[in-house]
1. Could you tell me what % of all Cα pairs in region 82-297 have separations over 31 Å?
2. When a footprinting reagent is the concern and you count Cβ atoms within 10 Å, what order do Glu61, Glu187 take, fewest first?
3. What is the order of Val247, Val96, Val279, Val273, fewest Cβ neighbours within 10 Å to most?
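Values quoted throughout were computed directly from the atomic coordinates according to the rules given, and no laboratory measurement underlies them. Please read these numbers as outputs of a predicted model, since none were measured by experiment. A quick note on method: Cβ atoms are made from the backbone with ideal geometry, for glycine too, and the neighbour counts reach across all protein chains shown.
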Amino acid sequence: MSASNAPGAVRRALPKKSEGEQRGPRSPKRLLVYFLLSLGLLVMSAPFLWMAVSAFKTTGELSASPPVWIPTEWTLENFRKLLDKLNLPLYFMNSVIVALLVTVSNLVFCSMLGYALAKLYFVGRNKIFGLVLGALMVPGNLMLLPLFVLMSKLQLIDSYAGLVLPFAAGAFGVFLMRQFMQSIPDELLEAARMDGAGEWYIFWRIVMPLVKPALATLSIFTFLGSWNNFVWPLIATNDPDKYTLPVALATFATDPNKAGGSNGMLMAGAFLVVLPVLVLFIALQRHFTQGIATAGMK
C-alpha cells in the first residue's frame with residue numbers, strides 16, 4: 001500500500017459515527033432558536049386555542065376573572081343554543097357549495113391555462129402571462145364594484161353563480177400551475193405526441209398526475225380564501241337564505257335580539273368556521289408541504 005493511500009484506508013477502517021455523534025451536543029444557539037420558534041408558535045396558536053376551548057365552556061367560566069383556560073365542565077350547550085337561534089345547517093351548506101365550486105373550477109381552469117402558458121407555443125403567450133402577472137398586482141377590493149355591476153347586469157345577485165363565477169379562476173392559481181408545469185420535461189410530452197396522444201390526453205393523463213402537489217397547494221389556498229370570504233358574499237347577497245357561514249355569523253353577532261352578548265355561541269360559531277379548513281389542511285398536509293418544497297427548488 002502506498003503512503004498516499006494510507007490515510008484513506010485508515011479512514012475507511014475506522015467505525016462510522018452515528019448521526020447524533022456527528023452533530024455533537026446541541027449548541028446554546030440552536031436551543032435558543034428552538035425556544036424562540038416554540039414561543040412564536042405558542043403566541044400564534046393562543047387565539048385559536050382560546051377560541052376552541054371557549055366553545056365548550058359554560059357562561060360562568062367565559063366571564064370568569066382571572067380567565068379560565070381549561071374548563072372544569074365541558075359542555076355542548078353553546079352549540080345547541082347556536083343551532084336553536086341560527087339556521088346553521090343552511091349557512092354551512094351554502095359555504096360548502098360555494099367553496100367547493102370555486103375550488104374545483106380553479107383547479108380545472110387554472111391548470112388548463114397554466115398548461116397552455118407553460119407547454120404550448122402560440123402567438124401572444126408571453127403577453128397573456130404578463131396580464132396574469134399584472135392581475136396579481138391589482139388589489140382585490142378594487143374589483144368589487146366592477147364585479148357587482150357585472151353580476152347585476154347578468155342578474156346573478158342572490159345566486160350561487162354570482163358567488164362562484166367572479167372567483168372561478170384566479171391569477172395566483174394560473175401563475176402557480178404555470179410555474180410548476182414548466183418543470184415537466186418537454187421530452188416526455190413530445191414522446192407522447194409521437195405515440196399519437198392528443199393534447200387533451202396528455203393534459204389529463206400525463207400532466208395532471210405529475211402536478212398533484214401543486215393541485216393540493218392550490219386547493220388549500222383556494223378553499224381557504226373562498227371559505228373565509230366575507231366582503232363579496234355580503235355585497236352579492238340580499239337574501240338571508242343565500243348567506244354563507246361567515247356572513248351569517250357576522251349578522252348574528254351584531255343582532256342583539258339573537259346573539260344577546262353570548263360569547264359562548266360566537267366562539268362555537270367561529271370554531272365551526274375554522275374546523276373544515278383545519279380538516280382539509282390535515283388531510284392534504286403531505287401534498288401541501290411537498291408542493292411548497294418543490295416550488296422552492298425551482
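1. 32
2. Glu187, Glu61
3. Result, fewest neighbours first: Val279, Val96, Val273, Val247.
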